[in-house]
Amino acid sequence: MKHFLFIGLGQYHFDLKIEHYKDTRFRKLNEKWLSDEKWKIWSCDPKYYSDEDLQKIKESNWIDCFIQKNICEKWNNVPLFDEWDCTSVLAHVNYDDHEIFFESLIKKIKHDSVGHIHIDLSDHQTETMELLKDPNYASKYYDYHDGKYDVYLNRVTEEKWIEIIDRYFTYHREPVVCKKHRVKLVNVRLKK
Ligand SMILES: C[S@@+](CC[C@H](N)C(=O)[O-])C[C@H]1O[C@@H](n2cnc3c(N)ncnc32)[C@H](O)[C@@H]1O
């Protein structure tokens, strides 16, 4: 049995539909889920979810196990992961967690695991970083402990993220042809 970790479930992919398969990540995840003898798909997110959302996640057509916790927390009885995806998550990682995010991730993955990292460094409204100049803009983060949720955004610079990622991983950086300020790293592997 192999294990896949989809970090930061968010709100939009409780159940995968045909239109989601345009995104190859989801098509491959669905293939893994269907071949359930070989792969178990896990997802995590410390976000607040209503009971209705949690029921949908339970009935999801691609997630086998959901962990409603921050990746920086200790997880019990969870195997080491063979593959992982961290797309559009780092933009939302609480500033206090940014250093320990990867320290915690590497404790949760196998030595030869392979991952994928995508960071949208924009302010998520203007496709630039303009609104982030306001210190109050998207500066709060709540989670399930608070019983509420708000979007927290990008208080860590691209240079800082790359410096932290370089400590632990090798990867291929893909050129991004898009207005938004993005970082896309594929074939992310632990340094030997
Ligand atoms: C934009 S959504 C996720 C999108 C999704 N990964 C995708 O590929 O479509 C970002 C999510 O990351 C979650 N997140 C933020 N910090 C996290 C952490 N430390 N561990 C796990 N999830 C986190 C947020 O709660 C939020 O729901």
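Data table
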| item | result |
| --- | --- |
| For the range 1-73 and the range 104-122, distance of Cα centres in Å | 16 |
| Greater than 30 Å apart at Cα, pairs in K40/K69; K22/K140; K28/K179; K32/K107 | K22/K140 |
| Around P46: net Lys/Arg minus Asp/Glu count, Cβ-Cβ under 12 Å | -3 |
| Per-residue ³J(HN,Hα) for the range 178-185, Karplus 6.51 cos²θ - 1.76 cosθ + 1.60, θ = phi - 60°, Hz, x for Gly and Pro | 7, 4, 5, 7, 10, 10, 10, 10 |
| Rg(Cα) / (2.2 N^0.38 Å) computed for the range 1-134, rounded to two decimals | 1.08 |
| Residue-averaged [θ]222 nm for the chain, counting only DSSP H segments that reach four residues, each worth -39500 (n - 2.57) | -6500 deg cm²/dmol |
| Neighbour net charge for D120 - beta-carbon separation under 9 angstrom, K R +1, D E -1 | +2 |
| ³J(HN,Hα), Karplus 6.51/-1.76/1.60, whole Hz, each residue of the range 107-123, x for Gly, Pro | 6, 9, 10, 6, 4, 9, 5, 10, x, 9, 10, 9, 10, 9, 7, 6, 7 |
| Note, ³J(HN,Hα) from phi for the range 70-85, Karplus 6.51, -1.76, 1.60, rounded to Hz, x at Gly and Pro | 5, 5, 7, 7, 7, 10, 9, 6, 10, x, 6, 8, 7, 9, 8, 10 |
| Ranked packing of 170-181, 82-93, most packed first, by mean Cβ within 10 Å | 82-93, 170-181 |
| Cα-projected label distance for Q125 with K28, points at 7 Å along beta-carbon direction, nm | 3.5 |
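Quick note: the coordinates plus some simple rules give every number you see, no bench work behind them. Note that the structure is predicted; figures quoted are calculated from it, not measured. Note that we place each Cβ from the backbone using ideal geometry, even for glycine, and neighbour counts take in every protein chain shown.
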